[in-house]
1. From the phi of every residue in the range 43-49, what ³J(HN,Hα) in whole Hz does the Karplus formula 6.51 cos²θ - 1.76 cosθ + 1.60 yield, where θ is phi - 60° and glycine or proline is x?
2. Arranged from highest to lowest average of other beta-carbon atoms within 10 Å per residue, in what order do the peptides 15-21, 31-37, 70-76 appear?
3. Using amide H atoms built 1.01 Å from N in the peptide plane, name the residues 5+ places from Thr18, or on other chains, whose amide H lies under 5 Å from its own.
4. Apply the Karplus curve 6.51 cos²θ - 1.76 cosθ + 1.60, θ = phi - 60°, to the phi angles in the range 32-39 and return the couplings in whole Hz, x for Gly and Pro.
5. Hey, if you put +1 on the Cβ of every Lys and Arg and -1 on every Asp and Glu Cβ in the range 5-75, which of Asn39, Val67, Thr18 ends up farthest toward the positive end of that dipole?
6. With labels modelled as points extended 7 Å from the Cα through the Cβ direction, what inter-label distance (nm, one decimal) is found for Arg14 paired with Asn39?
Amino acid sequence: MALTAEEKVEERERVLDTPMNEEFDWSDDKDPVRDALWNHFMEADGKDTLATEAKMHPYLDMTNDEVKENAEKLLKN
């Protein structure tokens, strides 16, 4: 059975909506991956919301594996 549009979006964004500490064993952060990325970009962009939004937009089109890989590169200390 084919997935509905809503199910496709839900599956595609699973990593973005998962708490950091559940997605990555190296994190204690309970914020969703989406929020951790947003906060990272906001700090890097000097609190420029438009610049941060532009950097976050590609994550909506990434696969879960791509999101996880990119998040780990950016956020793992």
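Laboratory data are not the source of any read-out in this text; all were calculated from the coordinates shown. These numbers were taken from a predicted model, which means no experiment stands behind them. Note: ideal-geometry Cβ built from the backbone for every residue, glycine included; neighbour counts use all protein chains shown.
1. 5, 5, 9, x, 6, 8, 4
2. 31-37, 15-21, 70-76
3. Distant-sequence amide H within range of Thr18: Val33, Arg34.
4. 3J(HN,Hα) across the range 32-39, in whole Hz: x, 3, 3, 5, 5, 5, 4, 4.
5. With unit charges placed on the Cβ atoms, the residue in question is Asn39.
6. Once both label points are built, they end up 2.5 nm from each other.
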